Amino acid sequence: MSGHIDIPIGSLLPKGPLTPCALSVASANSGRSFYIETFGCQMNAHDSEKVAGVLLARGYRQVESAVDADLVFFNTCSIREKAAQKVFTRLGDFRDARGENKIIGVLGCVAQQEGESIFKRAPWVRMVCGSASYRKLPELLDGLEAGQTRVTGLDLDTDETFETEITRRDNPIRAYLTIIEGCDYACSYCVVPHTRGPQRSRSSAAVLEEVRRLVDSGYTEVQLLGQTVNSYRDPSPRGMSFVELLLAVAEVPGMRRVRFTTSHPNDFTREIVEAIDSTPALCDHIHLPVQSGSDRILKQMLRTYSRDEYLSKIDWIRSARRPISITTDIIVGFPGETEAEFAETMSLLESVQYDGVFAFKYSPRPNTSAKDMPDAIPEEEKSRRLAILQSRQREIQIARNQFLIGMEFEALVDGRHAARNQWAGRTTSNRIVNFTSPEENLLGQYCQVKIAGAGPNSLVGEHLA
Ligand code: 5AD
Ligand code: SF4
């Protein structure tokens, strides 16, 4: 998500009926307020929107600052050590919560990973709940509201996904929608299978119903979410494949842009590219994490594909009729990664010419099989490799973006830089385009723009009348 914009929050809230039971709980809580702070990925951001929906249905009011809130939730990330540490630093700010009559809750991946030990480290915390247990949130809230000191939701053996009657969406332009939760891969560096549990898909009927409701409430763009979104398997008798679901979502009348993230290379099929080629509403962008360009490291990572297999999938994408942009995730400094193996990642960068790369220094995580692997790479060396990779990728992005100068694109406007008097929008390929316009309010509108300038991370355009 772009952090650069001033969007009015929640101007398009999907409506959902409250059941009589929910209504009585709601009136009991009227006047009470909550605040949620979210760390980490898009899945977490969207989980927070769903948690907010549960709280709103119970009568709580959402506030923008922890100071004013009766209930303060931290939705946490533990993908790398730094992210997990940040949460404990933040929790430290709330050590007086009990005296102030505030309820502090830890949700998400750190909650699942650290479990009840969080109560020891931060005894003022009163709720610990991992994402696989969010279904139990109403029950846990009942406990807190009845005065229970501590409540926990840490079960991982679930076959359910987390859905709410109302989801309080923060982004009024792009609606996020989970289609699959958890992960059945076992990448050796990754905590996700441990923190989010096994893979489970939502029924296609439920997904399509939600998409129709989103269109009814004004959305024209949706982003389907999952840790391995393209592993989707409809659990209902309809048995839709991922591509069938994509096409069905794109066909919902009024839906203009459909995105999906994150794809796993192993489940990435030619049909996905063909679907994008044949369906304008499917966006021109694929995020396909590679992690490393070295076969030996890929094996150590348990990524289940080779460099050549990955590159052949990139070839499918590059030979599409539409100019599909490609982004990726890369980890540098995995245990034992030699200089030559890092050079293979650099050569992969040259071959693919990505439109964007999220690159990370390897961080050992609890409950992962890579944690105790020998030959850890020193921190300074990881930083050196990261800097080399990022600097080369920056050049690639400048060149790729400059190539677009003079071309025309449709941008969906999702923000405004008040200081620069510019609107910010996204192309179907997910590039940011900033442009000036005499129009008073373009938020949520599709605008034709001609590209006049290009940097590594954004384009500058002229608004065509
Ligand atoms: N260390 C560094 N990066 C990691 N990622 C996942 N686990 C780790 C780890 N232990 C990165 C991967 C993944 C992205 C979401 O985070 O690149 O695709
Ligand atoms: Fe983690 Fe691998 Fe699953 Fe992605 S596919 S969430 S990197 S285990």
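Given Cα pairs under 8 Å that are at least 6 residues apart, what percent is the relative contact order of the range 408-463?
Details: 121 pairs, mean separation 20.1, N = 56.
Relative contact order for the range 408-463 comes out at 36 percent.
The packing ranking, built from the mean of other Cβ atoms within 10 Å per residue, places the peptides 214-226, 280-292 in the order 280-292, 214-226, highest first. Secondary structure note: in the chain, about 30% of the DSSP beta bridges are antiparallel.
Measure up LYS50/LYS371; LYS50/LYS361; LYS136/LYS299; LYS120/LYS361; LYS120/LYS299; LYS299/LYS361 against 28 Å on the Cα-Cα distance and list the ones that go over. Provide the component values of the computation, followed by the final result.
Numbers: LYS50/LYS371 32 Å; LYS50/LYS361 31 Å; LYS136/LYS299 38 Å; LYS120/LYS361 30 Å; LYS120/LYS299 38 Å; LYS299/LYS361 18 Å.
Violating the 28 Å limit, Cα to Cα: LYS50/LYS371; LYS50/LYS361; LYS136/LYS299; LYS120/LYS361; LYS120/LYS299.
What is the log10 of I(q)/I(0) for the chain, computed with the Debye formula using one identical point scatterer on each Cα and no solvent, at q = 0.08 Å⁻¹? Computed log10 I(q)/I(0) values: -0.50.
Given the DSSP H assignment, sum -39500 (n - 2.57) over each helix run of at least 4 residues in the chain and divide by its residue total; what's the result at 222 nm in deg cm²/dmol, nearest 500?
Numbers: 14 runs with 152 residues, N = 465.
The per-residue figure over the chain is -10000 deg cm²/dmol.
Between GLU81 and ASP308, the FRET efficiency estimated from the beta carbon spacing at R0 = 41 angstrom works out to 0.80. In this simple spin-label model, placing a label point 7 Å from the Cα along the Cα-to-Cβ direction at both SER369 and ALA452 gives a separation of 5.5 nm. Summarising the label geometry, the points placed 7 Å from Cα in the beta-carbon direction at ARG321 and ALA340 lie 4.5 nm from one another.
Would you mind pulling out the separation of the Cα centroids of the range 155-186 and the range 332-391, in Å? Taking the Cα centre of the range 332-391 as reference, the centre of the range 155-186 is 30 Å away. Please work out the Cα center distance from the range 400-465 to the range 112-150, rounded to the nearest Å. Answer, in whole Å: 44.
Remark: spin-label model distance ALA465-ASN101 equals 6.1 nm, labels positioned 7 Å along the Cα→Cβ axis. For the range 45-131, the ratio of Cα radius of gyration to the globular rule of thumb 2.2 N^0.38 Å stands at 1.05. With the convex hull drawn around the C-alpha atoms of the range 136-264, the volume per residue stands at 135 Å³.
What is the Cα radius of gyration of the range 149-209 over 2.2 N^0.38 Å, N being its residue count? It would help to have the intermediate numbers written out before the result.
Numbers: Rg = 14.3 Å, N = 61, 2.2 N^0.38 = 10.5 Å.
Scaled against compact globular proteins, the figure is 1.36.
Annotation: for a label point projected 7 angstrom from Cα along Cα→Cβ of GLU439, residues of the range 150-188 with backbone N closer than 19 Å are 172-175. Divide the volume of the convex hull around the Cα atoms of the range 408-463 by the residue count and you get 72 Å³ per residue. Among the chymotrypsin sites (Phe, Trp or Tyr not before Pro) found in the range 337-421, those both in a DSSP coil and sparsely packed, with 15 or fewer other Cβ atoms within 10 Å of their Cβ, are PHE403. If all Cα-Cα distances of the range 244-389 are sorted into 5 Å bins from 0 onward, what percent lands in each bin, rounded to whole numbers? Cα pair-distance distribution for the range 244-389, in percent: 2, 9, 18, 20, 17, 12, 9, 7, 4, 2, 0.
Bear in mind these aren't lab numbers, they're just calculated from the coordinates by the rules spelled out. These numbers come from a predicted model, not from an experiment. Cβ atoms come from the backbone with ideal geometry, glycine included; neighbour counts cover every protein chain shown.
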